[in-house]
1. Peptides 244-257, 14-27: what's the order by average Cβ count within 10 Å, highest mean first?
2. Using Cα pairs closer than 8 Å and at least 6 residues apart in sequence, work out the relative contact order for the chain, in percent.
3. What is the magnitude of the charge dipole of the stretch 17-135 about its Cα centre, with +1 placed on the Cβ of each Lys and Arg, -1 on the Cβ of each Asp and Glu, and no other charges, expressed in debye to the nearest 20?
4. Give me the net charge for the shell around SER90: Cβ to Cβ below 13 angstrom, other residues only, Lys and Arg +1, Asp and Glu -1.
5. Once every DSSP H run of n ≥ 4 in the chain is given -39500 (n - 2.57) and the sum is divided by its residues, what mean residue ellipticity at 222 nm do you get, rounded to the nearest 500 deg cm²/dmol?
6. At each listed q (0.07, 0.10, 0.14 Å⁻¹), what is the log10 of I(q)/I(0) that the Debye formula gives for the chain modelled as equal alpha-carbon point scatterers?
7. Rounding to the nearest 20 debye, state how big the charge dipole of the stretch 227-286 is about its Cα centre with +1 on each Lys and Arg Cβ and -1 on each Asp and Glu Cβ.
8. As a quick test, which of the pairs LYS87/LYS285; LYS111/LYS218; LYS153/LYS281; LYS93/LYS189 have an alpha carbon distance above 32 angstrom in this structure?
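Rule-based calculations on the coordinates, nothing more; no lab input. None of the values given here were measured: they were computed from a predicted structure. Neighbour counts run over all protein chains shown; Cβ positions are idealised from the backbone, glycine included.
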Amino acid sequence: MRTPIQSLTEKLNNNSYFMKRDDLIPFSFGGNKVRKAQLFFKEIEDKEFDCVVTYGSSSSNHCRIVANMAAIEGIPCYIISPNEISKQTSNSKMMLLFGAKVIHCSVKKVKETIERTLNELKEAGLDPYFIEGGGHGNIGTQAYVDAYEEILKFEKINNLCFDYIFHASGTGTTQAGLVCGHLLNNDSKEIVGISNARRNPQGSQVVLESVNRYLQSKSMTPVLKEEINFIDDYVVEGYGSSNREILATIKETIYHEGIPLDATYTGKAYWGMKKYIEANKIVNKNILFIHTGGTPLYFDDLEEILND
Ligand SMILES: *Cc1c(COP(=O)(O)O)cnc(C)c1O
């Protein structure tokens, strides 16, 4: 699944900017959750599980993708969704469109609701497959080790070298995959995850644990926290929050590049990347931003972007 890498018109600090368009993966509006879910569903098919359980908020791209793949596979999909953050979105409407059974509960009860649902399905004679929120875990990490290999191939063909890779970091799985790709290849790229919600030290710790869990599965030596660059300076007020600068960045990017970003993930990360580049005086470098998807969220944000 080789997604396009295009150059951008962005000129900040005389760097050259490129974007890897994982939002253009040709399945259900694309995004990083497709890469991960394709690997999960391979396991579901291989091991003949007959239903799938996962969790996420109403704006979760992961839940949209899993629900769509389950529909195609013809197996029931159960989504545990915390009702504190359950405003209707394009993603939550699509979950229903794909026939997913959405089970609401309070944030505090997510864990026990997942366990109860899994037990009920097993008691009913089914064999459920559980996917962590956001597609977290070694399989999800593998998806971005694979993406990293695509980036290296692009560099070779085009005879250029990216100094930095920026992207929106949430559960940390995407970042863990990229960092593992970097470690496996022993190259000099710097991977910078711009957090969309989590704060440090917990945010980096989760990425580090994912990296080391993956390395361990490959019998490789674990790394230290210095390898993880998880930036929490641009979280604003937490998950889903934005500000006028983020909305302005989204407006500029669709206007000048023709590329939709959203306020929860990619728009916040692209804005954060620019702030980070200014703050750290990064100049004359080749910079790759990974567009991790979330196109339905762009449409949810459009009214606010327009009115800003
Ligand atoms: C889930 C998501 C992320 C974060 O990916 P993680 O692997 O959870 O860190 C970034 N961007 C978009 C659009 C997402 O849906």
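1. Highest to lowest by the protection proxy: 14-27, 244-257.
2. The value is 23 percent.
3. With only Lys, Arg, Asp and Glu charged at Cβ, the dipole is about 580 debye.
4. Summing Lys and Arg as +1 and Asp and Glu as -1 gives -1.
5. The per-residue figure over the chain is -15000 deg cm²/dmol.
6. Rounded to two decimals, the profile gives -0.26, -0.54, -1.08.
7. About 200 debye.
8. In this structure, LYS87/LYS285; LYS93/LYS189 lie more than 32 Å apart at Cα.
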